[in-house]
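Working notes for the structure below.
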Amino acid sequence: MLSVLSYGRLVARAVIGGLSQTDGRDYSLVTASCGFGKDFRKGILKKGMCYGDDACFIARHRSADVLGVADGVGGWRDYGVDPSQFSGTLMKTCERLVKEGRFVPSNPVGVLTSSYYELLQNKVPLLGSSTACIVVLDRQSHRLHTANLGDSGFLLVRGGEVVHRSDEQQHYFNTPFQLSIAPPGAEGAVLSDSPDAADSSSFDVQLGDIILTATDGLFDNMPDYMILQELKKLKNTNYESIQQTARSIAEQAHVLAYDPNYMSPFAQFACDNGLNVRGGKPDDITVLLSIVAEYTD
């Protein structure tokens, strides 16, 4: 495990001076999480790695670090279905497959596909829908591979600027792409997308790069410039500071979500679609904050 002292020195050099990429070193992600269920005023885990109807996972394998977020579709609650069951089970399945080595780092869509079809074949009945975003760091190649289905997503920040980001996938306003399991006989009546529809990307990363992976509860309430302001606090940091910054971002998004006078990104998007909307968007919020560091056992 990376010591607090050595990690603090590493990130200080990476963030302040910039570290050149060295082919001979393996990389890893140092990741902290925080979130809020919209029915809670404190960042607490509902069960497992779930914040409200959101779910997430952080997994390590000898070849890669993998993490993901999923946002359960709340509309299922109207039919007596707990939306967190689908998103939570999907993320737990992804985590298990990674830990078992049943994945290819360069193919995060494969992780999502295998997990989804395992849920479809599960003998225990499971209903629901969810967006999903999977991020994989290949330690040896220093490449980040991503798959995003729906309106969760990620940002990669370098030198205080967003250099890569996921593309949001919407069928129409406030209706993102999603994986679904419908009741028998109702498959055609429930919106459902194939995991192959996920938007995929791959790119090189550098030591000190910051990766923020989150559900739409963050992105609907905080524009990039606000997120970047919070990320500036990561100078001369350690793991505890990453956790603190993740919490600060989640808390700010949570406060803005309940501000009726705030022109949130969601409200602006609604106005662009001809709707008269103002204020934040109350929603579950999940934030995974990662820094690319040199790998040590």
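The values are calculated or read from the model by the stated rules, or taken from the named source; none is laboratory data. Every value quoted in this text rests on a predicted model; they were computed, and no experiment measured them. Cβ sites come from the backbone with ideal geometry, for glycine too, and all protein chains shown count toward neighbours. Remember, those area values only see protein heavy atoms, side chains included, never the ligands or the DNA or RNA. Shrake-Rupley method; radii C 1.70, N 1.55, O 1.52, S 1.80 Å.
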Notebook entry, point to check: What's the Cα-based Rg to Rh of the chain, Rh via Kirkwood?
Noted result: 0.96
Check: Hey, which aspartates and glutamates would be in cross-link range of Lys233, C-alpha to C-alpha under 17 Å, not counting anything within fewer than 8 residues on its own chain?
Finding: Glu161, Asp209, Asp224, Glu251
Check: Ala186 to Lys235: extension gain in nm, 0.36 nm per residue of separation minus the Cα-Cα distance?
Finding: 12.5 nm
Margin query: Give me the percent of accessible area attributable to carbon and sulfur for the range 109-205, probe 1.4 angstrom.
Written below: 49 percent
Next item on the list: Answer with one residue from Asn276, His254, Tyr116: the one whose Cα lies farthest towards the positive end of the charge dipole of the chain, charges on Cβ with Lys, Arg +1 and Asp, Glu -1.
Entry: His254
Note to self: With a cut-off of 8 Å between alpha carbons and a minimum separation of six or more residues, what is the relative contact order of the range 209-267 in percent?
What the structure shows: 49 percent
Notebook entry, point to check: Accessible area per residue of the range 221-289 at 1.4 Å probe, in Å²?
Noted result: 48 Å²
Checklist line | Distance between modelled label sites at Tyr295 and Asp78, nm, 7 Å Cα→Cβ extension | finding: 4.7 nm
Notebook entry, point to check: Hey, rough spin-label estimate for Asp272 and Asn174, points 7 angstrom out along Cα→Cβ, what's it come to in nanometres?
Noted result: 1.6 nm
Item checked: Distance in nm between pseudo-label sites at Ser106 and Met226 (7 Å out along the Cβ direction from Cα) -> 3.9 nm
Check: Dividing the convex hull volume of the alpha carbon atoms of the range 79-172 by its residue count, what do you get in Å³ per residue?
Finding: 128 Å³
Item checked: trypsin sites (Lys or Arg not before Pro) restricted to DSSP loop in the range 218-284 with at most 15 other C-beta within 10 Å -> Lys235, Arg278
Next item on the list: Evaluate the charge dipole of the chain about its Cα centre and quote only its size in Debye, nearest 20, assuming +1 on the Cβ of each Lys and Arg and -1 on the Cβ of each Asp and Glu.
Entry: 920 debye
